[in-house]
Amino acid sequence: MRFTRIPVALLSVATLATTSCSTDLTGLNQNPNSPTSAPAASLFTNATQATIGRFNGSFQTLSMSELFAQHIAQVQYVEEDRGRVRTEVIDGLFSNIYIAELEDYQKVIGLGDASASPNTAGPARVMQSWVFQNVTDIWGDVPYSEALQGDVGGPLKPKYDAQKDIYYGLLKTLTDASAAMTAGGDPGLGSADPIFKGDPVKWQKFANSLRARMALRLLKADAAKAAAELTAAFAAAGGVMTSNADNAQLAWPGDGVFDNPWSANFSTRDDHRVSKTLLDTMLALQDPRVKFYAQPTKADPTKYAGLQNGMDNVTVTPFFNTTSRVGTMFYPGATVYGTFGTSAGRKTPSSLMTFAEVSFLRAEAAERGLGGQSGAAAYYNAGVRASILQWGGTDAEADAYLAQPAVAYTAGAVGLQKIGLQKWIAFFAQGQEAWSDWRRTGNPASIQPGPKAYYPYIARRLPYSSTEQSVNKVNLDAAIARQGPDDYATRVWWDRP
Amino acid sequence: MTNRLTRALLASAAGFVLLAGASARVLAQGPTVISGRVVSDAGAPIAGASVSIDVLRLSTATRDDGSFTLTVPAGRTGQVTVTVRRIGFKLSQRPVTLAGAPMTQAWTLESQAQLLTGIMVTALSIQREKTTIGTSQQAITAEDLTRTQTPSIVSAMSGKVSGVTITGSGNIGGSARIVIRGQGSITGNNQPLFVVDGIPVSNDGYSTASASGGRDYGTGIADLNAGDISSMTVLKGPNAAALYGSRASNGAVVITTRSGRAYGEGTRFTFTSRMTADQISILPKYQNRYGQGFGGEFQYVDGAGSGVNDGADESWGPKLDGRPIDQFTGKQQPWIAHPNNVKDYFQLGSSVSNNINVAAASRTMSARLSITKEDVKGIVPNSSLAKLAAVVSAGAQVNDKLTVSGTAQWVRNNGMNRPENGYTEGNPFMTYTWFGRQVDVAALKAKYYNKDSPYGFADGSLFNWNDNYHRNPYWQQYENPAPDSRERFIGQVSANFTFKPWLTAVLRTGNDSWRFVREERFAAGNIDRANASYNGGFTAANSRASESNFEGIVTARKSLGSLELTANAGGNIRRNDSFNNAYSTSGILVPGIYNLSNAGITPTFTNSEAHTAVNSAYGSVIATLKQYWTVEVTGRNDWSSTLPKENASYFYPSVSTSLVVSDLFPGLTSNGWLSYAKLRGGWAQVGADAGAYQLQTLYLGDSRKFSGQALYSLSNISANAFLKPERTTGQEGGVELSFFNDLVTLDATYYLKVSRDQIMNLTVAPATGFSLAAINAGQISNRGIEALLTARPVKLANSFQWTTSFNFSYNRNKVDQLTPGLSTVVLAGQWGATIEAREGEPWGVIWGNGWRRDSTTGKLLLSGGLPQRNTTKRILGNVNPDWVGGWGNEVRYKNYTLNTLVDIRSGGQNFSIGNWWGMYAGILESTLKGREVDWDKPGLIVEGTDEDTGLPNTTVVTAEDYAHNLYPTHEPAILPTGFIKLREVKFTWDVPANLLTKLKLAQMSVALVGRNLWTKSDFPNYDPENSTNAGNGGQGFDMGAMSTVRSFGLNITITP
């Protein structure tokens, strides 16, 4: 008895020990929750909605670019409108752009290239270029050539590239992507593409149009490159956008999960009014878009009134009910403080680039004799009309508007001014472009710091993400040394007085 | 250093074995027998005393009844000296003349220092003589753990163990973080392993709390009922814990639960009742001279911006001088202070805990059943926690070869509205930071809606002082309920086999599993979390986890003369499984039905599971010579599922030694002042594996669809397929001393702990496309001193006795090295400030923006009269205390006992977001500076140099402008977290024997208890003890979180 019990017990312990050694446990470490590869289409859909949610969303536009461009003013919590964007907003914006959409586009590009599908890789390249253009326009020098390689052995501290090199790189990427996309080629993204439903021709037009936008931006800094790229962009196969049907827009489902980002913000916050700078201009021109951009004031429902930018808490408070909220097309219907419009506002599309902008680009090129364009007035008129129609106006309204002497095109310097002004009006809700174009042209001149602004100038860029001081200091310092002090006053490379 | 010490220890171990072999070579030429019995001066038998004739290298040990038999080989005659020694008693020697015939010798040993000796439960639940332990371990008695009512046994340890730092939150059932000997892991788990009756139990945090919100649901160990614990031993370093493997690299806490045999044979019922009244212990000092608004102006219209500054949630408004102003309570109400508005919001909490237990034992069997019911009413309205716990244990000696035992514990916690800690509405202190100081909270309590019928607020608004960003705090508590429920089962069974007196084995298996359900509901009308177009929303999560262990250990004990050898060999199979499901929707259709079928907006779902396993084989050899010199060598090998196949197996050894110097050189104690002295030292290495699924970069799906299209994105964590195990090396040396027969005792240790090859998710430059990258690098070291000094300065014949003890822990932590090219790891960030592990600095420095200063004079550089932010960040503080300590006192006189405990923490800083925004919002008393006369008078002239003129500043600014200028500079909110707290006071009356007889009771005691009665700290306004949660990322920020609770109570224990 005793002699059997001892070996049995010892045996079990020994078995335990040997089982411990011999069993291969590695198989248990296969993640049952998430795959190690994903379809390019699903990555693209997600990255695209994330991109537009961010760049047309509340932090980028309502807390920054729309305030700088003086389309919108803050009526409560006015810190940003006085010229200081919260550090953590800047940090989050910079980080998330790279971590979320830029990296996901990188994966789509890889998958598209690997499966020889330029109609998959192409849209991802165009979207990634659009994002990079925005990023460098916001900060100037940013990580580009060494970026997005954290999982493939690339540098963990990517260097900051000079803005010139970034622009050159993006122009080349767009050129190549546009050339590679073909109608009737590979099936591409199809309905997973929330912008053009996989239409390679429209992507081509978007790519060429974006190239023209970027080329014109270089006018002061690198005139030769600007001219050459403009010419090439307009002549590129597929052409540029030729109607509002070509607009690069995201139609929001408006299902309570994916809503127009302004409507999501306005559903719980009431911090914004339409800027006095914009509304005064539009009211003076009897602009038919006023009713789309703004609501009558609560105090006087027959009246539209803009709010002065850059006031402080004390000076802004009397204007709460006497200035215009943003138009109901940006409201979700019910909000926590009242009902505005209908739930259709959740579906209002967000624009990345429109035919109206392209028309103004061509008008400016024609006026300057660039890019092989001519007939500035026709392009100008087409741009104004496209914008009015795009916002829901009619041809008759456009005709009447254009017939006014203050709106009608006049050649020369005045023409350039009118182009700039109309482009700025048309850019409503596309704050980033409105701000960038104002920096390039100084147009309209009515954009001036508000009475309680922290700085005696409108921001020329954003300070860098403060977390870069922790995670990428050497490269950050090099960029600052090259570009100038890391503040709101320093101009980016293409921004010349 | 390491290598030299290692070599020295190994050499001594080798020498020891040789010596032991020599002493064992005794020639047998026919026996002469000396037998006898050893008793103490009190007459009790002494077991385990050694009886030896050193000149003949003969030795034996006394049996349980104190008897011994020593056989002297024939041929040895004449006079020899017999030595009897037992640690804790004075050595006794007597000449004996060997004449060949059997003889009987009786010995009485005089007791000596005993405080530092005795039996201790140590690693693998093995009971060992403390004198033989070569590493630092500290036992905590059941009495220490249950003295006052605490949220968990971790909180109950605060101030009582040297080398241990405990931080907690003040929430009902809130979490407590315990770190032994400093942060050993840069980003990984820094908390020790908890082992109950030989089975590891989870101390996972259930917390969802982060700096931005979420709730603190406590940590797993809070499920254990302190009253069911019979002993607890803290194994402080990797040395002590080498046998427990990876998870004990931060130390281990070994807990033994009470058995039915605690009171010997028979049946014994005990009834314990504890009642406490709880109140908030620390409230901010609010100002009561200015109400809501900006620039001295305020008028209420809709609380959302339509009036004059009525959307403002700050207190820079008109002076509270009684002037009539339109307010949320009505038109033209007197504008007066409500100094107690926040204080009145907090209610008197209570905690009632009743335990009944029965212990029964026969000669061969024992059983115990304990049932505890605890009901806590929180100090925040409508918050509560109800706990029901049952423990049953049983043991049986089947025969003289086999003993079986088992324990089953079941605990259920039902919580309601545990407060949030972060920057969110659910955190009362955050609500009252963005606040109008004139607000009458009683009015908010009276009604939540403008119309009285619930959900029928016809004018569309809630009744609130501010409808812009805030909820009525009562509405928040009653209309947005957050219930939770957690059930836990811990069970173990073990069988002990005794094959031979020297050979035993234990087979043990145990399981710890829990299920946790939590929900948060949001009624219609919320400013967030519920879509305004719908009738509310909700989120719910359901998680469960289980850990199973199966373990077998064979133990052999052999006495070879004066050498005692113990060898253990064993194996363990561990398996962990966890499952999580969560779902939420921000829009429900029919009010009040918080069910997915009532969702108007597509719900979001997540589900995940994780499985890991570790197999282990281990062994140890303990050799003790003449009771005073012990050498222990251990080895363990783990095979982990979470590491790449080629790195999955890793071995880690340890060696330690203990030498009772006072026994080796008895002369040391002859002068009378030194009674006992022990030296110990050890070296150990512990390996650690990774978490589950860290080897592959993943794509994350989304249950939501975009216009019907599936969504995927690449994870933010770049994985590393080549991870290898982490290594922690610990060295320690210590001394245990007793003076004047335990009048003063000292137990002190110096340690050095170095962790290498850490598996970390490093915060990398986001331009990499990732926020984190898994890295296997770095080195972090902790060195420090821990000491426990105990004294009994007064001990009178009339039974008056005073015992005082002081424990002290000093730790210096340094991040020696990260991966090449990286100089910092960002652990957490808030409002642009980060807690980081920077190379060359301690773990947990606060990195942020300070003020600009003149580089020569150090004076502030001002512009427009205001300090300016330096955009270049720097180290502003360090979250680690310089040292922590506890000072305990016990005074006994007859049947009365008074216990006190003072808890001390010195040094360390927090980025106090509560103070930062409290200043900004003008609610704190300190913001009155500059508006003593009126809101803009006399103003402030900040001392400093004007940036433009270079001259001393003369520009006057308002208090409001000054306070608003504090953001976004972190420096003014980096505040010292040191404190002295009167943690525990207990006055006990043990009912005297004669009264007990009359009451027909075996035992009864009544005690008055108090906890957190007094605090002294330089940390303004909030509780310095707070952390957001128990994790690494929860350290160093305070969001104005709940203060610890001050409680007064009554304990009654009755044994019929």
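Just so it is clear, none of the values below were taken in a lab; they were calculated from the coordinates. Bear in mind the structure is a predicted one, so any value in this text is a computation, not a measurement. Heads up, the Cβs are rebuilt from the backbone with ideal geometry, glycines too, and the neighbour counts pull from every protein chain shown.
For the range A:114-257, count the residues as N, evaluate 2.2 N^0.38 Å, and divide the Cα radius of gyration by that value, please. Mind dumping the intermediate values first?
Working: Rg = 16.0 Å, N = 144, 2.2 N^0.38 = 14.5 Å.
Scaled against compact globular proteins, the figure is 1.10.
For the range B:123-278, the spread of Cα positions along the three principal axes, ordered from largest to smallest, is 56, 43, 24 Å. The tail of the calculated P(r) for chain B beyond 49 Å holds 32 percent of all Cα-Cα pairs. The mean number of Cβ atoms from other chains found within 10 Å of a Cβ in peptide A:155-165 is 3, as a whole number. Using a simple spin-label model with pseudo-atoms 7 Å out from Cα toward Cβ, B:I356 and A:A378 lie 9.8 nm apart. Note on B:T954 and B:N895: their simple-model spin labels are 7.8 nm apart, each label 7 Å out from Cα toward Cβ. Length gained on full extension, B:M365 to B:V301, computed as 0.36 nm times the residue gap minus the Cα-Cα distance: 15.4 nm.
Shielding of A:97-105 by partners, i.e. mean partner chain Cβ atoms within 10 Å per residue?
Values: counts 2, 7, 12, 6, 1, 3, 10, 5, 1.
Per residue, the average neighbour count from other chains is 5.
Largest first, the extents of the alpha carbon coordinates of chain A on the three principal axes equal 113, 53, 46 Å. For the range B:92-132 versus the range A:393-451, the spacing of their alpha-carbon centroids is 100 Å. The range B:782-823 and the range B:997-1012 have Cα centres lying 33 Å from one another.
For the range B:498-513, no residue has its backbone nitrogen under 13 Å from a point 7 Å from the Cα of B:N607, taken along Cα to Cβ.
Could you tell me the calculated FRET efficiency between B:K1016 and B:A396, based on Cβ-Cβ distance and R0 = 51 angstrom, to the nearest 0.05? Rounded to the nearest 0.05, the efficiency is 0.45. The aspartates and glutamates whose alpha-carbon is closer than 19 Å to the alpha-carbon of B:K981, local same-chain residues fewer than 8 away aside, are B:D144, B:D278, B:D882, B:E890, B:D903, B:D1018, B:D1023, B:E1025, B:D1038.
Provide the net charge surrounding A:A124, with neighbours chosen by a C-beta distance below 12 Å and charges set as Lys +1, Arg +1, Asp -1, Glu -1. Computed value for this residue: -3. Basic side chains Lys and Arg get +1 at the Cβ, acidic Asp and Glu get -1 at the Cβ, and with that the dipole of chain B about its Cα centre reaches some 3840 debye.
The translational diffusion coefficient of the range B:558-631, from Stokes-Einstein at 25 °C and 0.890 mPa s with a Kirkwood hydrodynamic radius over alpha carbon pairs, comes to 136 µm²/s.
A Förster radius of 35 Å, combined with the Cβ-Cβ distance separating B:N671 from B:S799, puts the computed FRET efficiency at roughly 0.70. Annotation for the range A:351-369 versus the range B:509-544: alpha-carbon center distance of 51 Å.
Just so you know, the Cα atoms of the range B:744-850 work out to an Rg and Dmax of 21.7, 76 Å. Would you mind checking the range B:265-291 for residues with the amide N under 18 Å from a putative spin-label position 7 Å along Cα→C-beta of B:K319? Residues B:287-291 fall inside that zone.
Rounded to the nearest 500, the 222 nm mean residue ellipticity of the protein assembly as shown from helices alone is -6000 deg cm²/dmol, with -39,500 (n - 2.57) taken per DSSP H run of at least 4 residues. Simple point charges give the picture: +1 on the Cβ of Lys and Arg, -1 on the Cβ of Asp and Glu, and for the range B:738-805 a dipole about the Cα centre of about 60 debye.
Can you sort B:V1006, A:V407, B:V253 by how many other beta carbons sit within 10 Å, fewest first? Walk me through the numbers on the way to the answer.
Details: B:V1006 15, A:V407 19, B:V253 28.
The most exposed by this proxy come first: B:V1006, A:V407, B:V253.
Go through B:564-573, B:674-683, B:693-702, A:66-75 and give me the packing order, highest mean Cβ count within 10 Å leading. Could the numbers behind the result be given before it?
Working: B:564-573: 21.2, B:674-683: 23.5, B:693-702: 18.4, A:66-75: 28.2.
Those peptides, ordered most packed to least, come out A:66-75, B:674-683, B:564-573, B:693-702.
Normalising by residue count, the range B:963-1007 has a Cα convex hull of 138 Å³ per residue. Values of log10 I(q)/I(0) for the protein assembly as shown across q = 0.07, 0.08 Å⁻¹ run -0.88, -1.10, by the Debye formula with one identical scatterer at each alpha carbon and no solvent. PRE reach from B:N581 (point 7 Å along Cα→Cβ): which of the range B:603-647 fall under 13 Å by backbone N? The answer is B:605-609. Taking the longest Cα principal axis of chain B as reference, the axis of helix B:2-24 is set at about 30 degrees.
How many percent of Cα pairs in the range B:337-446 exceed 24 Å? Provide the component values of the computation, followed by the final result.
Details: 3122 of 5995 pairs.
That tail contains 52 percent of the Cα-Cα pairs.
If R0 is 45 Å, what FRET efficiency do you get for B:K331 and B:Q1003 from their C-beta distance, rounded to 0.05?
On the way: r = 67 Å, r/R0 = 1.48.
The pair B:K331/B:Q1003 has a calculated efficiency of 0.10.
Here the simple spin-label model places points 7 Å from the Cα toward Cβ, and for B:I875 and B:Q79 these points are separated by 6.9 nm. Specify which residue in the list B:N811, B:P238, A:I195 is farthest towards the positive end of the charge dipole of the protein assembly as shown, using unit charges on the beta carbon of Lys, Arg (+1) and Asp, Glu (-1), about the Cα centre. After comparing all options, I get B:P238. Inter-chain Cβ neighbour count for B:736-744, averaged per residue, equals 0 (cutoff 10 Å, partner chain atoms only). Across the options A:L462, A:A386, B:N878, the greatest Cα extent toward the positive end of the charge dipole of the protein assembly as shown (unit charges at beta carbon of Lys, Arg, Asp, Glu) belongs to B:N878.
Its Cα centre serving as origin, the range A:95-154 has a Cβ charge dipole (Lys and Arg +1, Asp and Glu -1) of approximately 180 debye. Look at the dipole of the range B:173-321 built from charges on Cβ: of B:G307, B:I229, B:Y217, the Cα furthest out on the positive end belongs to B:I229. Cross-link partners for B:K814 among the lysines, with Cα-Cα distance under 21 Å and sequence neighbours closer than 8 places in the same chain left out: B:K236, B:K753, B:K873.
Extension gain B:A408-B:K645, at 0.36 nm per residue separation less the Cα-Cα distance, in nm?
Numbers: separation 237, 0.36 × 237 = 85.32 nm, distance 3.63 nm.
Result: 81.7 nm gained on full extension.
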